[in-house]
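A quick write-up on the structure given underneath.
The values are calculated or read from the model by the stated rules, or taken from the named source; none is laboratory data. Just so we're clear, the structure is a prediction, and the values are computed from it rather than from any experiment. Backbone-built Cβ (ideal geometry, glycine too); neighbour counts: all protein chains shown. When the accessible area is computed, the model is the full protein with side chains, heavy atoms only, and any ligands, DNA or RNA have been set aside. Shrake-Rupley method; radii C 1.70, N 1.55, O 1.52, S 1.80 Å.
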Amino acid sequence: MQLVTELLGGNRRALARLITLVENGDPLKNEILQSLYPHTGKAYVIGITGAPGSGKSSLVDRLLQEMRGAGLTVGVVAVDPNSPFTGGAILGDRIRMQDHALDRGVFIRSMGTRGSLGGLSRATRETIQLLDAFGKDLILVETVGVGQSEVDIVKTADTTVVVLTPAGGDSVQTLKAGIMEIADIFVINKADLPGTERAAAEVSAMLDLKSCCDWRPPVVPAVSTRGEGIGALWQSVQEHREYLEKSGRLLEIRKERISRELTEQVEHLVKTMVWEKIKVRMTLGSLVEEIALRRRDPYSAARELLAQIEFPVP
Amino acid sequence: MDMSSKRKIRVLVAKPGLDGHDRGAKVVARALRDAGMEVIYTGLHQTPEQVAEAALQEDVDVVGLSILSGAHMTLVPRIKELLNERQLGAVPLLVGGIIPEEDALALKQSGCADRVFTPGDPLESIVSYIRDRCI
């Protein structure tokens, strides 16, 4: 495929076009990803997550400076939500990163969630692969502004940075499951606001209760608008990477990820196959009517639908 | 509604140059969002190079410029030139703002702008123009 060859040759427009094709679920999607797969696996993926307005985009912008200063090339995937009503979206993360727009070592792509609820979009992982194959050393993934439980990023990133702000609630919040469990590094952003020390202390206290692992997530105060604490954050990212590499954890994490991807691929194929059959043979309309009238129930109806499909013998 | 498999119209809304009035751009961005499009908004004070590069990286279907500074006769041709350099000459370039009629005509005749919208043009006309161009 021409575009794939161009991407591997370093053509930015080909990269952008291929991301669109993959994101739109183009019929060529699998062919594209298959042919690029041997060129992936080299990039290191860093996830940035946190509440809306916590300063994720500004942190990404500042981190880009550090990374470029270290001579590394970077791909950025920035995710913002699509409307559940119209499907439209305002993708505004780029605003904070425009200083890097002309740097050929940086490629920034904004994406909508397009119905996904885990803080990323379905095409995020595939876009990471394209940026990886393109040759970026590092890939920064900025999630949508999250609440407590959108934790897909931890399945995608090698290092996950959770961004908190001083006014994030009392110490019970730090005990809750979900977002507080996935951090490899905590950032207390907007650390010029009152309450920073208390917030940092509460996170540290929460970490004291957890004694399972060799890596204790550092808590880094930062003021991203002024560039304070960014050096320390970059340092922490590098230390975490070093820890993962030396302990063999990185290899484990990546194998777990591949195993999950393989499972998902199989599930996806089965799902597509089943629905194709069901669409061909029958419509759901009359069943829905009957279930709505309580003449039927969805549980036995589902089993009956499946019973009518002849599965191909593998 | 399955939103995962459909192709979406992606629009870059950019404010090149030095004027700081982004109300209009935001209203247009919101209208396009409500029409189901993905709008990449780049914020104020963009250079022509930044606009062209964002259009390339985001692989947009349409570029919309909002210019209220009066510098449109410089900015629009320059952005068109930079889009051409990136093989993005086929991407429709729309301009909105305070653009005198003769300038609008000149921009269109020179092939720099595909369409110029001025105050008073209904938002629906922008939405439907983009929809028609992206079919």
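Which whole-number percentage describes the relative contact order of chain A, with Cα contacts under 8 Å and a sequence gap of 6 or more?
So the answer I get is 17 percent.
Compute a Gaussian network model of chain A, connecting alpha carbons closer than 10 Å, and tell me which residue from A:E242, A:E267, A:E126 fluctuates the most.
Of the options given, A:E267 has the highest mean-square fluctuation.
Where does chain A land at 222 nm, in deg cm²/dmol rounded to the nearest 500, when only DSSP H runs of n ≥ 4 count, each adding -39500 (n - 2.57), divided by all residues?
My calculation for chain A gives -14000 deg cm²/dmol from helical runs alone.
Using a 1.4 Å probe on the protein heavy atoms only, what accessible surface does A:K210 show? Give it in Å² to the nearest 10.
Only protein atoms counted, so the area is about 100 Å².
Which whole-number percent gives the relative contact order of chain B, counting Cα pairs below 8 Å spaced six or more residues apart?
For chain B, the relative contact order is 25 percent.
In whole angstrom, how far apart do the alpha carbon centroids of region A:46-66 and region A:214-272 sit?
If you average the Cα positions of each part, the centres end up 15 Å apart.
Can you list residues from other chains, or at least 5 along the same chain, whose modelled amide H is less than 5 Å from the amide H of B:A113?
Hits under the 5 Å cutoff: B:K108.
Suppose we compare each residue of region B:46-74 in its chain alone and in the full protein complex with a 1.4 Å probe; which ones drop by at least 10 Å² of accessible area?
B:Q46, B:E49, B:Q50, B:E53, B:A54, B:L56, B:Q57, B:E58, B:D59
Provide A:K277, A:K246, B:K15, B:K108 ordered by accessible surface of protein heavy atoms (probe 1.4 Å), highest first.
Per-residue accessible area, sorted high to low, gives A:K246, B:K108, A:K277, B:K15.
Quick check: the distance between the Cα centres of region A:131-205 and region B:47-124, to the nearest angstrom?
If you average the Cα positions of each part, the centres end up 39 Å apart.
Over all directions, the average projected area of the alpha-carbon convex hull for region B:14-133 comes to how many nm²?
Mean orientational projected area (region B:14-133, Cα hull): 6.4 nm².
To the nearest 0.05, what FRET efficiency results for A:I309 and B:E49 with a Förster distance of 51 Å applied to their C-beta separation?
The value I calculate is 0.35.
To the nearest whole number, what is the average tally of beta carbon atoms from other chains within 10 Å of the beta carbons of peptide A:111-122?
Per residue, the average neighbour count from other chains is 3.
Quick one: buried accessible area between B and A, total over both chains, 1.4 angstrom probe, nearest 100 Å²?
Protein heavy atoms only, the B-A interface buries about 2800 Å².
Could you rank A:W234, A:W215, A:W275 by how accessible they are, 1.4 Å probe, largest area first?
Largest to smallest exposure gives the sequence A:W275, A:W215, A:W234.
Mean-square fluctuation check for chain B, GNM, Cα pairs under 10 Å: which of B:D19, B:D121, B:D61 is largest?
For chain B, modelled as a Gaussian network with Cα springs under 10 Å, the answer is B:D121.
When the solvent-accessible surface of protein heavy atoms is calculated with a 1.4 angstrom probe, in what order do A:L250, A:L117 fall, highest first?
If we order A:L250, A:L117 from most to least accessible, we get A:L117, A:L250.
Hey, what's the per residue convex hull volume over the C-alpha atoms of region B:38-78, in cubic angstrom?
That works out to 75 Å³ per residue.
Would you look at the GNM of chain A, springs on alpha carbons closer than 10 Å, and say which of A:S110, A:S300, A:S204 moves the most?
A:S300
How much accessible surface does A:V154 have with a 1.4 Å probe, in Å² rounded to 10?
Here the residue's solvent-accessible area equals roughly 60 Å².
Excluding ligands, DNA and RNA, what is the solvent-accessible area per residue of the protein assembly as shown at a probe of 1.4 Å, expressed in Å²?
About 48 Å² of surface per residue is accessible.
For A:E142, what residues show an amide H to amide H distance below 5 Å, using hydrogens built from the backbone and excluding near sequence neighbours?
Amide H neighbours of A:E142: A:I48, A:V77, A:A78, A:V79.
From the cross-link list A:K42/A:K136; A:K42/A:K155; B:K15/B:K80; A:K56/B:K15; A:K190/B:K26, which pairs have alpha carbons spaced over 19 Å apart?
The answer is A:K56/B:K15; A:K190/B:K26.
Residue-wise, which Karplus ³J(HN,Hα) couplings in Hz belong to region A:194-202, taking 6.51 cos²θ - 1.76 cosθ + 1.60, θ = phi - 60°, and x for glycine or proline?
Running phi through 6.51 cos²θ - 1.76 cosθ + 1.60 with θ = phi - 60° gives x, x, 4, 5, 5, 4, 5, 5, 5 Hz.
Within region A:178-230, what whole-number % of the accessible surface is contributed by carbon and sulfur, with the 1.4 Å probe and all protein chains included in the calculation?
54 percent
Can you list residues whose amide H is under 5 Å from A:N82's amide H, if they're 5+ apart or on another chain and H is modeled 1.01 Å from N?
Residues meeting the amide H criterion: A:T113, A:R114, A:G115.
From the phi angles alone, apply the Karplus equation (6.51, -1.76, 1.60; θ = phi - 60°) to region B:48-59 and give each ³J(HN,Hα) in whole Hz, x where the residue is Gly or Pro.
Rounded to whole hertz, the list is x, 5, 4, 5, 5, 5, 4, 4, 5, 5, 8, 6.
Considering every residue in B:26-38, what mean count of other chain Cβ atoms within 10 Å of its Cβ is obtained?
For this peptide, the per-residue mean of nearby foreign Cβ atoms is 4.
On the full set of protein chains, 1.4 Å probe, figure out the accessible area of A:E310 and give it in Å² to the nearest 10.
Counting only protein heavy atoms, A:E310 exposes about 130 Å² to solvent.
Could you give the nm distance between label points at B:R7 and A:I278, where each point is 7 Å from its Cα heading toward the beta carbon?
Computed distance between label sites B:R7 and A:I278 equals 2.8 nm.
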